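A short worksheet on the structure shown next.
The values are calculated or read from the model by the stated rules, or taken from the named source; none is laboratory data. These figures come from a predicted structure and were not determined experimentally. Methodologically, a virtual Cβ is constructed for each residue, glycine included, from the backbone with ideal geometry; neighbour enumeration extends over all protein chains shown.
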Amino acid sequence: MIFQAVALTAGAQDNSGSQVLVSRGKEHFNVFSYGAVGNGKNLDSPAINRAIDACAQAGGGTVYLPAGVYLCGSIHLKSKINLFLDAGAVILGAPQEMKAYDPSEEFTGAAYQDGGHTYFHNSLIWGENLTDVSITGQGMINGGGLTKDDREVGQGSIKLGDKAIALKRCRNILMRDVTIVHGGHFAVLLTGCDNVTVDNVTIDTNRDGIDIDCCRNTMVSNCRINSPSDDGLCPKSTLALGTPIITENLTIVNCQVSAFLEGTLLDGTMKPTRGGTGRIKFGTESNGGFRNCAVANCTFRNCCGLALEEVDGGTLENITINNISMMDVLNCPIYITLGRRNRGPNVNEPGTVRNVFISNVIATGVSATSGIQITGLPGYDVEGIRLENIRIHYNGGGTAKQAAVNPPELDKGYPEPGKIGVMPTYGLFARHVKDLELANIRFSFDKEDQRPALACVDVNGLTIDNFKAQVAESVPLAKFEVTGDVTIRNSPALEEWAAKDAKAGDVKK
């Protein structure tokens, strides 16, 4: 691709009298013109930063990286800059011994968030307080020497170059078409940003793919994210900005998440891992909470399921999730929980989870460890949850001993299903919930499971319409300990069971 700058006065015309593209000066800044070599050996980040500086001084434009391998430390984005990586261009993270990354900034006051959320300037590509900035093109960002966590280098907190892209308090951000490999602790970290578009980005990394923290008006679309050892696409709301800020007006559509061995999404081999994570997860950090978020048309493969976790005192509300397909789910296809980790100053009470609608979900190959979990806390209900058009096929194999388990309350524990252990039901477990609606639900298993399909414990207000579930012989279909109205429709087996079970309460049809 060749960029040509046209320097004309405003209103210039060609010989035919038609208006032509007007430019007040040079708009495209080829990094070769500023000393870049692109051989993978010469440190090219100083040249790239000179090109960015020149572009910014000219009023903005495109900083162009032709095909080549650019060994880099920290690259400093600036406002009104499009960092364009042409096909064949690779930004390669320099090894730590070159000391090419910026020192981490000071963080004043107590830090309640993980170290990865505290520091930005030590990243491969970073920007702060910027407007109108983009990273585009069909090239690649290879983290190379980025660390994936502090344990690699024996540090108590993460202060080395460890993120492929980190943006803080930026506005009008576009990332499109690029590929990120081995992205460090976070491949993309967005904190306190507004009006963000991430489109058609491929990420094949070991830890988190995209973290959307304290952001609003964000669109993530058409992305493929593989992250075996951590979360794929992860909205958060930390205290990294010094105060609780809600993540809101977020849309995630047409994305794929997985937990194959790092690098094998990109080469097409898609080698499974044991105990991988992947997934879309809201939380864990949730001081500000989440509001007005939509997730639609996404696939999960060889990873954990969808998770909504509010554990740091914020509010999670008005969340819609629709059209989700999952295969080979490693743990809990749907997980909605309210906890009281309460990591933050003066956070004494649990937050709030309310108004969550999840519909049109198909999941197969689901681990026997846990089915769907929807859990609040004693005295603090999760409210207004509706699951509709859900079909899940489990691996099965649960035992009668597991069916007798009374799962511990989450309370202040880390909010992961694996921390709670094997559940007493294979299909769905709900506890401390107000206003729960289940419509058009079907559960089945491969290997015979000795656990009930459904348990509703301390549920106030329950409506079930068209519930079907496979159960082993002599195993009860469900377990109810509910208050308030129970309405069951179009579910003959469940209605028959409820009519015999005194704990099912007053069942209405």
Inset, instruction - Name the single residue, out of those in the range 119-142 being in contact (Cβ under 8 Å) with a residue 60 or more places away in the chain and in contact with a Gly (Cβ under 9 Å, 6 or more places away or on another chain), that is nearest to Lys78 (Cα to Cα). - result: Asp132
Legend entry - Residue, farthest from Ala259 (Cα to Cα), within the range 195-210, restricted to residues that are assigned to a strand (DSSP E or B) and charged (D, E, K, R): Asp199
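Quick grid of which residues meet (1) aromatic (Phe, Trp, Tyr); (2) under 30 Å from Val311 (Cβ atoms):
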position	(1), (2)
Val405	no, yes
Leu410	no, yes
Pro415	no, yes
Gly421	no, yes
Phe429	yes, yes
Val433	no, yes
Ile441	no, yes
Lys500	no, no
Inset, instruction - Return the residue satisfying two criteria in turn: it lies in the range 283-318 and is among the acidic types (Asp, Glu) and not in a strand (DSSP E or B), and of such residues it is nearest to the chain's Cα centre (by Cα). - result: Glu285
Inset, instruction - Being within 32 Å of the chain's Cα centre (by Cα), in the same structural domain as Leu387 (by TED's automatic domain parsing) and among the β-branched types (Val, Ile, Thr) narrows it down to one of Ile464, Ile488, so name that one. - result: Ile464
Legend entry - Residue in the range 211-220 that is under 20 Å from Phe84 (Cα atoms) and either of a type in the set (Val, Ile, Thr) or in contact with a strand residue (DSSP E or B) (Cβ under 6 Å, 6 or more places away or on another chain) (or both) present: yes
Inset, instruction - Would you please name the residue that is modelled with the lowest pLDDT, looking only at residues in the range 118-148 that are surrounded by 19 or more Cβ atoms within 10 Å (Cβ to Cβ) and on the phi > 0 side of the Ramachandran plot? - result: Gly144
Legend entry - Residue check, Thr337 closer than 13 Å to Lys412 by Cβ, at pLDDT 95 or above and assigned to a strand (DSSP E or B): yes
Inset, instruction - Could you please find all residues in the range 277-335 being among the aromatic types (Phe, Trp, Tyr) and farther than 28 Å from Tyr426 by Cβ? - result: Phe290
Inset, instruction - Scan Ile245, Ile280 and give me the residue that is more than 17 Å from the chain's Cα centre (by Cα), under 18 Å from Val311 (Cβ atoms) and β-branched (Val, Ile, Thr). - result: Ile245
Legend entry - Lone unmet requirement of (1) at pLDDT 95 or above; (2) among the hydrophobic types (A, V, I, L, M, F, W, C); (3) within 24 Å of Pro272 (Cα to Cα); (4) crowded, with 23+ Cβ neighbours inside 10 Å for Met327: (4)
Inset, instruction - From the list Leu266, Leu233, pick out the single residue that is modelled with pLDDT of 95 or more, under 21 Å from Thr136 (Cα atoms), in a strand (DSSP E or B) and hydrophobic (A, V, I, L, M, F, W, C). - result: Leu233
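A quick yes/no check of all residues on (1) among the β-branched types (Val, Ile, Thr); (2) crowded, with 22+ Cβ neighbours inside 10 Å; (3) without any contact (Cβ under 8 Å) to a residue 12 or more places away in the chain:
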| residue | (1), (2), (3) |
| --- | --- |
| Val422 | yes, no, no |
| Leu428 | no, yes, no |
| Val433 | yes, yes, no |
| Glu437 | no, no, no |
| Gln450 | no, no, no |
| Ala453 | no, yes, no |
| Leu462 | no, yes, no |
| Phe467 | no, yes, no |
Inset, instruction - Consider Asp213 carefully, then state whether it is closer than 29 Å to Val253 by Cβ, at pLDDT 95 or above and of a type in the set (Asp, Glu). - result: yes
Inset, instruction - Inspect the range 71-87 for any residue being part of a helix (DSSP H, G or I), modelled with pLDDT of 95 or more, closer than 18 Å to Ala166 by Cβ and in contact with a strand residue (DSSP E or B) (Cβ under 6 Å, 6 or more places away or on another chain) and give the result as yes or no. - result: no
Inset, instruction - Specify the residue that is modelled with the lowest pLDDT; the eligible residues are those in the range 481-509 that are among the β-branched types (Val, Ile, Thr) and closer than 19 Å to Asp381 by Cβ. - result: Thr483
Inset, instruction - Taking Glu310 as the residue in question, decide whether it is surrounded by fewer than 22 Cβ atoms within 10 Å (Cβ to Cβ), of a type in the set (Asp, Glu), in the same structural domain as Gly421 (by TED's automatic domain parsing) and in contact with a strand residue (DSSP E or B) (Cβ under 7 Å, 6 or more places away or on another chain). - result: no
Inset, instruction - Scan the range 28-69 residue by residue and report those that are in a helix (DSSP H, G or I) and of a type in the set (Val, Ile, Thr). - result: Val31, Ile48, Ile52
Inset, instruction - Kindly check whether there is at least one residue in the range 198-209 that is surrounded by 24 or more Cβ atoms within 10 Å (Cβ to Cβ), at pLDDT 95 or above and among the polar types (S, T, N, Q). - result: yes
